[in-house]
Structures are given as structure tokens and as C-alpha cells.
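The values are calculated or read from the model by the stated rules, or taken from the named source; none is laboratory data. Everything numeric in this text was worked out from a predicted model, so none of it was measured. Here the Cβ is made from the backbone with ideal geometry for all residues, glycine too, and neighbour counts use every protein chain on show. To get the accessible areas, we keep the full protein, side chains included, count just its heavy atoms, and leave off ligands, DNA and RNA. Shrake-Rupley method; radii C 1.70, N 1.55, O 1.52, S 1.80 Å.
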Amino acid sequence: MAQNPIQSTATTRNQRVVVASRRRTDTWARRVFFVITVLPIGLIAVVLIGLLYRSWPILSRYPLVDLLFGVDWKPSEGRFGFYSFIVGTVWVTVVGVGLAIPPCILVAIYLAEYAGARIRLLAKPILDVLAAIPPVVYGVWGLLSVVPLVETVLGPWSQQLLGFWGLFAVQQPTGFSVLAGGIVLAVMITPLIIAVIFEIFNTVPVDLRNASLAIGATRWETIQRVLLPQVMPGIIAAIVLGASRAFGETIAVLMVVGNIAQVPHSLFDAAYPLPALIANNYGEMMSIPLYDAALLCAALILLVIILLFNIFATVVLKRFVK
Amino acid sequence: MRLQPWNRRHLIERIMQIAMIGSLVIVGLCLGAILWTIIARGLPSLTWQMISQTPKGGFYMGKEGGVLNAILGSLYLASGATALAIVFALPIALYLQTYLATSGWAQLVRLALDVLWGIPSIVYGAFGFTLMIVLGVRASLLAGIIVLALVELPIMTRAMDEVIRRLPRDLAQAALALGSTKLEVALRVVIPQTLPGIVTAVLLAFGRGIGDAAAVLFTAGYTDRIPTSLLRATASLPLAVFFQLGTPYPEVRERGYASALILTIIVLLVSFGSRWLAARLQRYTVK
């Protein structure tokens, strides 16, 4: 600094002092900001290690295979098998994501490729509001509308038309079912999936579309043959993101899915997903030995699966940002 | 030369367009169905008493009182959590954009934030609860605020990060060329210029926080009183809805629907309010 002729000759010390103090502030801000910025990375590690530590009593006592694939859930007798809960979570997630995928892809394509400014302006608040509605309100809607719909309309229809096929047979006609949970989840994850797919379509260069349209392809043919192959990994990542959101959803699913610890065999069977298990039993877990470790183990299983889903989705989506 | 209008290719084009518009209509109808259900079932039991009173004796058997405790509790929880999250989110977003830009560290932090965003709030809740047991802390407003802040942090940070990323580089570079330090650029150029987006990010996180039930289920507790201290337990609206629906009394369940309507109204006000505010603030930025 001192070698700089302008600074050293002209007005002086004072100015140099000011510059130095601004520099110092900047350096300190940089250090503080850096510490704050690496906190999120640390947070993931802390949550993982914390859950692992607290569920260690049960992980060290039973082999992992027994925990993951055991069907017995009798905490008072010391039997902790998560199989029916894991399968229940998977069922609800698969049904929810399966119902959401086709309309989500179509809507995202429509908004990205066809819709004019006015339709986009109309669609945005719809998706924003769907994303803003709290899970418990989705649960209330599910309880008031979806469960009765499944009980009185979808169930009887399905039993009549497809009852010979186990997947669609109605054994438990209460309406509280995998299907009800799936429908609620499908609506909940719709805005997320649409937003992600929409963004991906926007990353494809316009020239690609123009080239295809110029040689006489229709717009749908352009989408199908040119754009979709380009964005396919992104669409899969969007679906995985939606699935991970569905996998961990607690309150909304808990309110409509029946919460019976069994392996569901039909869309109309009740299920008991992992998050619901944690939410319902956390209060009384202290009374039974190993119960708290078992529930935290459930949280750990949930966390590990969702971490894998999310890391996969994020890594795939990163490619589109460039 | 025009193609035959109804050959197979155009038919497919037409069918797909109809399917797409149909899907959009279905999504819209779902939203309509949700709002209609909540309003139609909630409005009849939504009285002034519901909003202005705390539960009196026998509230959970259908006697008088309201859910003021839960409304205020939720506002305290979400405000506290949002304030706490801003303290961390803003420096992270600024650091990512002005200091790190696209380096490896930045990518790693963004990945971490995306992963944190994906962690379900029940896991944060369970984690927070075990931490509370270890520390010997009881369910309280403060514990609820801290866990909710964890839920809100990644949402807010990534939203701010996106907004700041869209700021034209020139502005920051002009300031740097005039001799500003990076901190000065961040505080005097980036924040004022992106204020509308930052406000949107904050309110987005607030809306997420106020509606979250799983995170506060074990950490904030539930009480019929309005919280007077950070160390007391507090009620919250999502849990009020959940508990009232769990009772065997039809009158109480009706109040659960009304509480759901109150929650929905608050969330929608926040959502539309943020858009309005962002549009207002947009005027004060350099285009």
C-alpha cells in the first residue's frame, strides 16, 4: 500500500486509516460469514450422529436385518420389527407419486412450452397457494373429502370392477387407506414437481426447438423427440424430490391413512408409515425400555433414505444449471 | 402449402394439448376442492369467540372458549423462528454469492442446504426432542422456535441465494471498481437491490414455519394459556387443529375445522401479502 504513489503522497494518513479499518471489517465479516456458512454442513452431520447415538442401544442389540425385515412390533415384549412401517411408507409414497407424475409432467410441459403469459399468470398463484397450504390443512381436507370419497365411491367401484385383483380388492372399507394417503400426498407434492420440471424445460436452448419445428415437426413431436430425451434425467430427479417429500410427510398422511401396523396388500388397506409411527408414539416412549431408541431408529431410517434421495436428485439437477 | 388439418400427427398434437389443459384444470380443481372444503366446514363454527378467547374449562368437551392461545402461540413460534433463521440465512446467502460465487465450497454448502430442505420436519422434531432430554430442557416456546428455525433455514437461504444470483453482476462490479470492500458491496448494493426478493424469501419461510406441526409436536408442548415467557410451553394452530379433530365431541371437531380455516387464512394472507410487499419494494431498486 505504501508503495502506491497516489495514496502515499495525497491527503494522507487519515485516509489510510479509514481504508485499513474498512479492510479489517471486511476480513472479520468474511471470517464470521464463513463460520456461519459451514454450519449447514455441520448440522447434517450433527443430526445424523445424534440419531445414530441415541438409537445405538437398539442397533447394537438386534441385527439390522431383524429390525428392517421383522414384522413383529410389540414394544412391551421387546420386539421391534420395522418392516410393516417401512412397507407402509413405501406404499403411500409410490401411490402418491404415481398419481402425481402424469398430470405434473403435462402441466409443467404446458406451462413451459405452450402457455402464454396470461395462463402462466393464472397458474402461478394456483401452484403458490397449493404449496403454501399447511400439511395439517391437507389432512383436514383428506379427512373430510378424500376419505369419504374412497369409502363411498372409489372403494365400491373398485371392488365391483377389479375386486378379483388383490391390489384393488376392498377388505377394510373404512376409507382410511393407502389410497387416501396417496391422493392427499399427490396433491401436496404437485407444486414442487411442477416447479422443478418447469425450470428444467426452461434450461433447454430455444434453438433446439426452432430447429425441430423448422423441419416440420409439430410442437408435441418436438417435445417428445427433442426436448424429453434432453430433460429426462431432470424429470426423474424432480420425481425423486417429490418422492422424498412424500416419504417424510407426517401429519397429513397420519390423519387419513388409518395407522394400523400391518403390511398392506391392497390400495384400500390401512397402513402405518414411519413418520406417523414417530409422531403417534413419541409421548409415551419413555415408559418402555428401548422404545425411545426404536423410535429414533425409525427417524434414522427415514433420514438416511431421504438423504440418499436428495443427494441423488441434487446431483442430477446440478447438471442442468450449468 | 397447408398440411391436412386432421391427419394423425395433428390429432396427436391436439389430444396432447387437451390432456395438458385438462391436467392444469384438475390441479386447479384440487385447489378449489381444498379451499371449498375448508371454508364450507370451517366457516359455520368460526365465531368471534374462537378468535378472541383462550379455552375455558371444558373447552375440549364442547363448552366455551376459543383458540387465541394457539393463534398467538403460532405467531410467536413462527416469528421467533423466522427472526432466528434470518440471522443465519442472510450471511450464508451473501457469503455464497459475493464471496464464494461458484467455487467448490459454495457447491457443497448448496448441496447441504438442499439436503437439509429435504429432511422431514418430524426428524428435526425427534432430534430436537432427544437434544432437549439430554440437556434437561422441557417443552417450551424457545425449543419450538429453535427447531422451527432449523426447518425454515434451508428454505429461506436457498430462496435468498436464488434472488441474489439473479442480480446483474455489473452492479456489484461497479461498486468493487470504485474501491468498495466486498462487505460494503453486500450491505449497500446487494441487500437494497434484492430487498423485494429477500422479503419474499423471509415470508415464504414464515408461512412454512407457521403451518408446520411435526416440528413443534414434541418441542413446543401444548397449553391453554398464552405463553408469557420463552421458557413456557405454548400452543400452536396446527396442533390445535390436530388435537381438536382427535376428540370424540362433534362440537370440538367443528372447532377444529374452524381452526384449520383460521390457519389457512393466515397462510394465504402471508403468501399474498409477500407478493404485494415485493411489488411495492420493487420501486426502490435500480433497474
| Residue match in segment B:144-151 (condition: under 16 Å from the mean Cα position of the chain (by Cα), facing chain A (nearest Cβ under 8 Å), farther than 30 Å from B:Ser229 by Cβ and modelled with pLDDT of 85 or more) | no
| Within segment A:109-122, can one find any residue that is surrounded by 23 or more Cβ atoms within 10 Å (Cβ to Cβ), in contact with a helix residue (DSSP H, G or I) (Cβ under 9 Å, 6 or more places away or on another chain) and within 29 Å of A:Ala270 (Cα to Cα)? | no
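Check every one of the helices (runs of 4 or more DSSP H) wholly within segment B:103-202 and list those with 1 or more residues that are open to solvent by less than 20 Å² (accessible area, probe 1.4 Å) and touching a Lys or Arg at 6+ places or on another chain (Cβ under 6 Å).
Here the list reads B:104-118, B:121-135, B:141-165.
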| message | Return the residues of segment B:14-31 that are open to solvent by less than 30 Å² (accessible area, probe 1.4 Å) and within 15 Å of A:Thr218 (Cβ to Cβ); say none if nothing qualifies. | response | B:Met20
| field | Boolean, A:Phe168 is surrounded by fewer than 22 Cβ atoms within 10 Å (Cβ to Cβ) and under 30 Å from A:Gly258 (Cβ atoms) | value | yes
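If you scan segment A:97-108, which residues turn out to be hydrophobic (A, V, I, L, M, F, W, C) and either open to solvent by less than 10 Å² (accessible area, probe 1.4 Å) or without any contact (Cβ under 8 Å) to a residue 40 or more places away in the chain (or both)?
Of segment A:97-108, the ones hydrophobic (A, V, I, L, M, F, W, C) are A:97, A:99-101, A:104-108.
Of everything in segment A:97-108, those that are hydrophobic (A, V, I, L, M, F, W, C) and either open to solvent by less than 10 Å² (accessible area, probe 1.4 Å) or without any contact (Cβ under 8 Å) to a residue 40 or more places away in the chain (or both) turn out to be A:Ala100, A:Cys104, A:Leu106, A:Val107, A:Ala108.
Can you go through A:Lys74, A:Lys124 and tell me which one is basic (Lys, Arg) and within 14 Å of another protein chain (Cβ to nearest Cβ)? Talk me through it step by step, then tell me what you get.
Details: A:Lys74 fails: within 14 Å of another protein chain (Cβ to nearest Cβ).
Only one candidate qualifies: A:Lys124.
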| task | Within segment A:36-60, track down each residue that is of a type in the set (A, V, I, L, M) and open to solvent by less than 70 Å² (accessible area, probe 1.4 Å). | result | A:Ile36, A:Val38, A:Ile41, A:Leu43, A:Ile44, A:Ala45, A:Val47, A:Leu48, A:Leu51, A:Ile58, A:Leu59
| message | For the condition in contact with a Ser or Thr (Cβ under 7 Å, 6 or more places away or on another chain) and either in contact (Cβ under 8 Å) with a residue 24 or more places away in the chain or of a type outside the set (A, V, I, L, M, F, W, C) (or both), what is the one hit in B:Ile191, B:Ile164, B:Ile155? | response | B:Ile164
| task | Return yes or no: is A:Thr190 within 14 Å of chain B (Cβ to nearest Cβ), touching a residue at least 40 places away in the same chain (Cβ under 8 Å) and open to solvent by 10 Å² or more (accessible area, probe 1.4 Å)? | result | yes
| query | Which numbered condition trips up B:Arg255, out of (1) within 8 Å of chain A (Cβ to nearest Cβ); (2) buried (at least 19 other Cβ atoms within 10 Å of the Cβ)? | reply | (1)
| request: Would you point out the residue of segment B:269-284, among those that are surrounded by 14 or more Cβ atoms within 10 Å (Cβ to Cβ) and away from every other protein chain (no Cβ under 12 Å), that is farthest from the chain's Cα centre (by Cα)? | output: B:Leu281
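Residue check: is A:Val137 in the same structural domain as A:Leu208 (by TED's automatic domain parsing), within 26 Å of B:Gly42 (Cα to Cα), open to solvent by less than 10 Å² (accessible area, probe 1.4 Å) and not basic (Lys, Arg)?
Here the answer is yes, as A:Val137 does meet what is asked.
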| Out of (1) touching a residue at least 24 places away in the same chain (Cβ under 8 Å); (2) among the hydroxyl-bearing types (Ser, Thr, Tyr); (3) open to solvent by less than 40 Å² (accessible area, probe 1.4 Å); (4) not in a loop (DSSP other than H, G, I, E, B), what's the single condition that is false for B:Ser79? | (3)
| said: Here is a list: B:Ile38, B:Ile21, B:Ile34. Which entry is touching a helix residue (DSSP H, G or I) at 6+ places or on another chain (Cβ under 6 Å) and without any contact (Cβ under 8 Å) to a residue 12 or more places away in the chain? | reply: B:Ile34
| query | Do we find a residue being within 11 Å of chain A (Cβ to nearest Cβ), open to solvent by 40 Å² or more (accessible area, probe 1.4 Å) and within 19 Å of B:Ala139 (Cα to Cα) anywhere in segment B:232-251? | reply | yes
| request: Take the residues in segment A:237-253 that are over 11 Å from A:Leu185 (Cα atoms) and more than 8 Å from chain B (Cβ to nearest Cβ), then tell me which one is surrounded by the most Cβ atoms within 10 Å (Cβ to Cβ). | output: A:Ala238
| Considering residues of segment A:194-236 that are closer than 22 Å to A:Ile306 by Cα and in contact with a Lys or Arg (Cβ under 9 Å, 6 or more places away or on another chain) only, the residue least open to solvent (accessible area, probe 1.4 Å) | A:Gly234
| field | Condition broken by B:Gly32, with the remaining ones in (1) within 29 Å of the chain's Cα centre (by Cα); (2) more than 20 Å from A:Leu143 (Cα to Cα) satisfied | value | (2)
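When you look at A:Val90, is it more than 7 Å from chain B (Cβ to nearest Cβ), surrounded by fewer than 24 Cβ atoms within 10 Å (Cβ to Cβ) and farther than 30 Å from B:Arg14 by Cα, yes or no?
Values: more than 7 Å from chain B (Cβ to nearest Cβ): yes; surrounded by fewer than 24 Cβ atoms within 10 Å (Cβ to Cβ): yes; farther than 30 Å from B:Arg14 by Cα: yes.
Yes: the conditions hold for A:Val90.
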| note | Flagged in segment B:258-268 as free of Cβ contacts under 8 Å to residues at least 24 places away in the same chain and more than 10 Å from chain A (Cβ to nearest Cβ), in numbering order, are B:Ile265
| query | Of the residues that make up segment B:196-211, is at least one free of Cβ contacts under 8 Å to residues at least 24 places away in the same chain and not acidic (Asp, Glu)? | reply | no
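Take A:Phe69 and decide whether it is open to solvent by less than 40 Å² (accessible area, probe 1.4 Å), at pLDDT 85 or above and not aliphatic (A, V, I, L, M). Reasoning before the result, please.
On the way: open to solvent by less than 40 Å² (accessible area, probe 1.4 Å): no; at pLDDT 85 or above: yes; not aliphatic (A, V, I, L, M): yes.
The answer is no for A:Phe69.
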